[in-house]
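The structure appears right after this line, and notes come after that.
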Amino acid sequence: MKIYTFPKLVQKLFPDIVWFIPNRQNQVFLTFDDGPHPVYTAQILKILHQHNTRASFFVLAQKALLHPEIINQICHQGHTVGLHGYDHQSLLFKPASAIAGELTKCQKIFTEVTNRSLRFFRPPFGQFSPALVKLSHRLNLKIVLWRIMTYDFDPNFNQKLILKMINKRIKSGDVIVLHDGHENSHQTVDLLEQLVILIKKIGLQPATLPQLSKFCLDI
């Protein structure tokens, strides 16, 4: 089962997971899952650059091997790079040894591709367990989930509906999920500019996850 929203009780039970990021700068945090994609990610990076906006990309190691130049472009433009697994297979029911092996493999791939290390991790589908949280911590990976899922991957949610939903719910500190590597990510590209304009119009500022752009550039 895919999980798109998280009850407040779950958030309270797992305080070590990043659900939102309180701040005094009225920042919100755009995040993109499932890339890198040679077309969609490049288009998204162009839009972000045009609007002087920073974001965070939770990428798949398998795709990173195919498109290392895009991973490096993400970092060089000051965005976050986080891990979204190897090939977007759920880790929920895998034994701890298999999960540790996959995450370690992914960390090695990213070090080889970028000569940098990963700090943040978003499990595929947002599925996690206490064991996965503990294991991620041991591997120095901070789990980042979200408060707002845009449903940009769903053809039943058009641009107007997504913008209306976000405008109604968004507040400072929100982590927002979009997708740059999904088959429907052309909708994300079409949506993104209007979303950035909306966020700024209501007095919020899109930002990358705290410290990660520095982490990417300084390693």
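Bear in mind that the values in this text are calculations on the coordinates, not laboratory data. Keep in mind the model is a prediction, meaning the values are calculated, not measured. Don't worry about glycine lacking a Cβ; one is built from the backbone with ideal geometry, like all the others, and counts go over all protein chains shown.
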- Note on the structure: Residue pairs within 7 Å by beta carbon, gap of at least six or interchain, first lying in region 186-207 and charged (D, E, K, R), second assigned to a helix (DSSP H, G or I), listed first then second, are 190/159; 193/47
- Message: Looking at the structure I just gave you, is residue 5 polar (S, T, N, Q), under 17 Å from the mean Cα position of the chain (by Cα) and at negative phi?
- Response: yes
- Any chance residue 96 is in contact (Cβ under 8 Å) with a residue 12 or more places away in the chain, surrounded by 15 or more Cβ atoms within 10 Å (Cβ to Cβ) and among the hydrophobic types (A, V, I, L, M, F, W, C): no
- Query: Right, residue 47: in a helix (DSSP H, G or I) and farther than 17 Å from residue 178 by Cα or not?
  - Reply: no
- Query: Somewhere in region 198-213, is a residue within 19 Å of residue 45 (Cα to Cα), among the polar types (S, T, N, Q) and assigned to a loop (DSSP other than H, G, I, E, B)?
  - Reply: yes
- Query: Among the residues of region 34-57, which ones are under 21 Å from residue 204 (Cβ atoms) and touching a strand residue (DSSP E or B) at 6+ places or on another chain (Cβ under 6 Å)?
  - Reply: 53, 55, 56, 57
- Query: When you go through 87, 152, 174 one by one, which is the residue that is in contact (Cβ under 8 Å) with a residue 24 or more places away in the chain and surrounded by fewer than 16 Cβ atoms within 10 Å (Cβ to Cβ)?
  - Reply: 87
